[in-house]
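As structure tokens, the structure follows; a few thoughts come after it.
The values are calculated or read from the model by the stated rules, or taken from the named source; none is laboratory data. Fair warning: this is a prediction, and the values are worked out from it, not measured in the lab. For neighbour counting, all protein chains shown are included, and Cβ atoms are generated from backbone atoms with ideal geometry for every residue, glycine included.
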Amino acid sequence: MSPELLALFSAIAYAFCIISARRGLQYSTPTTVTYVSLLVHTITLWTAVFLTGGIPPVATLALVLFLIGGSLQPVTRLLTYTGVERLGASRSYTLRATTPLFSTTVAIAALKEEAGWAILLGTLLIVVGIMVASWDTTDQPSSFRWWHLLIPLAAAFLAGIVHPIRRYALSLSDEPLFFTAVVGAVSLVWFMGYLALPNTRPPVWDRKALAPFLCAGLCETAGILLNITALSHGTVVVVSPIIATSPLWVLIASVIFLRDLERLNTRTILASCCVVVGTLAIALGR
């Protein structure tokens, strides 16, 4: 399967993760959904590793790089879910989807990846499309503070750093399943340490939130596995912008599954055109 298609499926998986998490956050907290998603990630992927032959031999540097990336993952997830809680899914994921602006810059500067005009134009169109589709100032929570905007931006920045790290590590040892499992285990260990701190909000266990959070965990696990697999076959400047189309799929899925809350309009159609053209530009401009 091509890296572009893997990246697209990753974006769709992340979208369903956000929709499921948003439902559960009506009854619980970002800390809880982060904890549940990391548990699901770790259990499912380590089971898959042992069912497919066990731990493979990998380069030490590649493992170290994924340990570093895995240490950043729980922070990124917590910031992402906190942004959804504070700003709403659409507005928060608009800013979270600026990841390609950071990852592409790092990939070009550090990995010496090449990005022609078609890839750069495609990245710009995707970001513009996401902004047009998602930003709605009429849906601003009463508790909104300007610094809340920094929460998803911080998540985007961290993800933008992690993508090039993963790409370089995978060039040393191409074991996406094992490395994705490593990310889950390391993230879970760090997050459990965070939960043990004195002033940390403990998880809020509500039966109504359990099913949505489990679904969010499964979708995010699928998303990150597809993400890392795409990076093992493709470049950051191609994969990252396609994954960043996730907010558009959030919007489309909301229209399909939450018809009483979402509707198509001219802005949505224009945004869809921008994202589709941008994705095609990246795919054809490799």
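Values as computed for the structure displayed
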read-out: Filtered residue count, the stretch 197-220, keeping only those that are in a helix (DSSP H, G or I) and closer than 16 Å to Leu39 by Cα; value: 12
read-out: Members of the stretch 223-245 that are hydrophobic (A, V, I, L, M, F, W, C), under 22 Å from Cys274 (Cβ atoms), part of a helix (DSSP H, G or I) and touching a Ser or Thr at 6+ places or on another chain (Cβ under 9 Å); value: Ala230, Val236, Val237, Val239, Ile242, Ile243
read-out: Some residue of the stretch 251-263 being surrounded by 21 or more Cβ atoms within 10 Å (Cβ to Cβ), at pLDDT 75 or above and in contact with a helix residue (DSSP H, G or I) (Cβ under 9 Å, 6 or more places away or on another chain); value: no
read-out: Qualifying positions in the stretch 14-70 - farther than 23 Å from Arg96 by Cβ and in a loop (DSSP other than H, G, I, E, B); value: Thr52, Gly53, Gly54, Ile55, Pro56, Pro57, Val58, Ala59
read-out: Selection count, the stretch 23-44, where residues are farther than 14 Å from Asp206 by Cβ and surrounded by fewer than 23 Cβ atoms within 10 Å (Cβ to Cβ); value: 5
read-out: Residue pairs meeting the criteria (Cβ under 8 Å; at least 6 apart or on separate chains; first within 9 Å of Gly217 (Cα to Cα), in the stretch 13-38; second among the acidic types (Asp, Glu)); value: Cys17/Glu220; Ser37/Glu220
